[in-house]
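Each remark here refers to the structure printed beneath this line.
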Number of protein chains: 2
Amino acid sequence: MDIRLVKGSDYNAISPLINEWWGGRQMSDMLPKLFFVHFNETSYTAEINGEIVGFLIGFLSQSHSDEAYIHFVGVHPGYRKNNIGKKLYNEFFNVVKENGRNIVRCVTSPVNKVSIAYHIKMGFEIEEGNKEVDGVSVFANYDGPNQDRVLFAKKLD
Amino acid sequence: MDIRLVKGSDYNAISPLINEWWGGRQMSDMLPKLFFVHFNETSYTAEINGEIVGFLIGFLSQSHSDEAYIHFVGVHPGYRKNNIGKKLYNEFFNVVKENGRNIVRCVTSPVNKVSIAYHIKMGFEIEEGNKEVDGVSVFANYDGPNQDRVLFAKKLD
């Protein structure tokens, strides 16, 4: 597997994959091309035999000088259980540390139990919100009306 | 009118306004809260008597050290023709220059004729794309399949 920085031209390949990998949920609007143009030295793709099987889109926070944020991570459904996600996260953690930062944040929906379990396994902690959903602390209406979110933070060593 | 930097808490007020100000188009997914958390020293709201009547969400490009990008601008439909947009853009241009940068980029849909005319009036130039729509040069499928975009750039003095 090759992990490398994303290029602007990867967007044409990745954008149509998103709704497919997310089982038909309309997700591609959440990933406009700007992330591939303006944050491409902290975003990665994973390829196997030239096929994109995963990607991670992240950035260094402009407002918080010790933080970085992961906006979007996707892994091809046919290639899960191959540690692709783990390798992408670790690549991101390394670039964050190289930039002298030690906190990584990300956000997910309370319905996404797989994502919640995955982030806990990867060493993220759930931030204390203002509501509980199925035993998980969430921030009500975080991403707009009825868009509750689970907020994660991981401190890098 | 007061123009000030956005705060995280403005998101709760602004997010529900977006679809309303855009005449019912589903736009709010394009503005997740992360922009109010991680780019809030280059993003502004305009208020009249404590009511939010406009906002501009922008950032300094992480990948291109001489560039900045405007992601989203909205003005209350009842307060147009009041130069609110112009004041928000000028505030952003100033912060970009203060950060030693001199190119501002943004992107719009070819259907949004008002936005195209507005950016030209504000001194933006349209970048040469690979397709023409109603006499305007566009980048085909720029933001995903069937999502053509007009790309603008403005050089600051």
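Values quoted throughout were computed directly from the atomic coordinates according to the rules given, and no laboratory measurement underlies them. Values in this document were obtained by computation on a predicted structure and should not be read as measured data. All Cβ positions, glycine included, derive from the backbone under ideal geometry; neighbour counts span all protein chains shown.
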Legend entry - Sorted by Cβ density within 10 Å, fewest first, the residues A:Asp134, A:Asp157: A:Asp157, A:Asp134
Inset, instruction - Name the residues whose placed amide hydrogens come within less than 5 Å of the amide hydrogen of A:Lys131, ignoring near sequence neighbours (fewer than 5 apart) on the same chain. - result: A:Val138, A:Ala140
Inset, instruction - Mind sorting B:Leu34, A:Leu31, A:Leu5 by how few other Cβ atoms lie within 10 Å of their own Cβ, fewest first? - result: A:Leu5, B:Leu34, A:Leu31
Inset, instruction - Can you list the distances in nanometres, one decimal and ascending, from the B:Gly50 label point to the identical position in each other copy, with the point 7 Å along Cα to Cβ? - result: 6.4
Inset, instruction - Go through B:Lys33/B:Lys155; B:Lys7/B:Lys86; B:Lys131/B:Lys154; B:Lys81/B:Lys131; A:Lys87/B:Lys97; A:Lys81/A:Lys155 and tell me which ones have a Cα-Cα distance over 27 Å in this structure. - result: B:Lys33/B:Lys155; B:Lys81/B:Lys131; A:Lys87/B:Lys97
Inset, instruction - Along Cα-to-Cβ, 7 Å out, sits the label point; list in nm, shortest first, how far the one on A:Gly123 is from those in the other copies. - result: 4.7
Inset, instruction - Determine which chain B residue has its Cβ at minimum distance from the rotation axis mapping B onto A, giving the value in whole Å. - result: B:Asp29, 2
Legend entry - Neighbouring partner chain Cβ atoms per residue of A:137-143, average, 10 Å criterion: 3
Inset, instruction - For A:Asn102, place a label point 7 Å out from Cα along the Cα→Cβ vector, do the same in each other copy, and report the separations in nm, one decimal, smallest first. - result: 3.9
Legend entry - Bins of 10 Å from zero: percent of alpha-carbon pairs in the protein assembly as shown: 6, 25, 36, 25, 9, 1
Inset, instruction - Report Rg(Cα)/(2.2 N^0.38 Å) for chain B, keeping two decimals. - result: 1.01
Inset, instruction - Report, in order of residue number, the helices in chain B meeting two criteria: a C-alpha extent of 20 Å or more along the helix axis, and a mean Kyte-Doolittle hydropathy of at least -1.0; treat each whole DSSP H run as one helix. - result: B:84-98
Inset, instruction - Determine the distance separating the Cα centre of region B:60-122 from the Cα centre of region A:19-40; give it in Å without decimals. - result: 23 Å
Legend entry - Restricting region B:37-136 to trypsin sites (Lys or Arg not before Pro) in coil, as DSSP defines it, with at most 15 other Cβ within 10 Å: B:Arg80, B:Lys81
